[in-house]
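Notes to accompany the following structure.
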């Protein structure tokens, strides 16, 4: 299992005070030293954390492959083509969201996504689509000629949190509160089954399979049973852990988890 470390939240901390520290660029060498396989960053349209110069410096300096998440906005795609990361992961964006709330609407945005993919591939950039774990999304991803799919694991992660950490806050993926534990177990099993079925479908269609969003040191073990998933992209939980143990140790702890 490969681990992509998302370093957006280092930039989130910097932006909290609108100063220069901490710099996400400084994290790149630490990630490599710790044994990470990939650097993941998200260049949002509103530039709420990673800025253009961050993306440029990270891509130009990193000895690890850089996976640049971005929207399908043509202006953003032009920037990505100029930056030439190893991979571009196309994701949905909502200016009002705290974090990405789900997968791309492939059917509703088919032509826009196809145009973005064609342009990225013309610039020799590998493409991944961030999608919900469904058979329909897998088939659209194949039709769009994507190289990868990355399954949105947010629903799974939030059900897991409600079941095992007594989370009782309304969340963008789960609207119900105070559900019976039996119902939560049922929902968790269903979310894992969706990931299992979709991963097999994607693999059989010739797509490479990644997963990410909301994964942490507690819930990631459940995802490791899905053999078709070969890469995880994890950020917030690693950066949060690094506050206490340092970034290198936090990454090494996650690597131990995902390679059991």
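We did not get these values from a lab; they are worked out from the coordinates using the rules stated. Bear in mind the structure is a predicted one, so any value in this text is a computation, not a measurement. Cβ sites come from the backbone with ideal geometry, for glycine too, and all protein chains shown count toward neighbours.
Tabulated data
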| item | result |
| --- | --- |
| Centroid-to-centroid separation of the stretch 101-138 and the stretch 234-249 [C-alpha atoms, Å] | 30 Å |
| Isotropically averaged projected area of the stretch 58-154, using the convex hull of Cα atoms (one quarter of hull area), nm² | 6.4 nm² |
| Relative contact order (%) - the stretch 2-258, alpha-carbon pairs under 8 angstrom, separation at least six | 20 percent |
| Length gained when the stretch residue 53-residue 179 is fully extended (0.36 nm per residue, less Cα-Cα span) | 40.9 nm |
| Order of 130, 151 under a 10 Å beta carbon neighbour criterion, fewest first | 130, 151 |
| Two-site label geometry, residue 16 and residue 204: point separation in nm, points 7 Å out along Cα→Cβ | 4.6 nm |
| Orientation-averaged projected area, Cα convex hull of the stretch 3-64 (nm²) | 3.8 nm² |
| Potential lengthening between residue 46 and residue 86 on full extension [0.36 nm per residue; Cα-Cα distance subtracted] | 12.1 nm |
| Using alpha carbons only: equivalent-ellipsoid semi-axes of the stretch 203-260, gyration tensor based, whole Å | 24, 11, 9 |
| Scattering curve values for the stretch 1-136, log₁₀ I(q)/I(0), Debye with Cα scatterers, q = 0.13, 0.20 Å⁻¹ | -0.54, -1.25 |
| Helix-derived mean residue ellipticity, 222 nm - over the chain, DSSP H n ≥ 4, -39500 (n - 2.57), to 500 | -14500 deg cm²/dmol |
| Residue with peak Gaussian network fluctuation, the chain [Cα springs, cutoff 10 Å], from 105, 194, 75 | 75 |
| Whole-angstrom Cα spans of the stretch 2-258 along principal axes, big to small | 50, 45, 33 |
| Over the stretch 114-260: Kirkwood hydrodynamic radius from C-alpha pairwise inverse distances, Å | 16.5 Å |
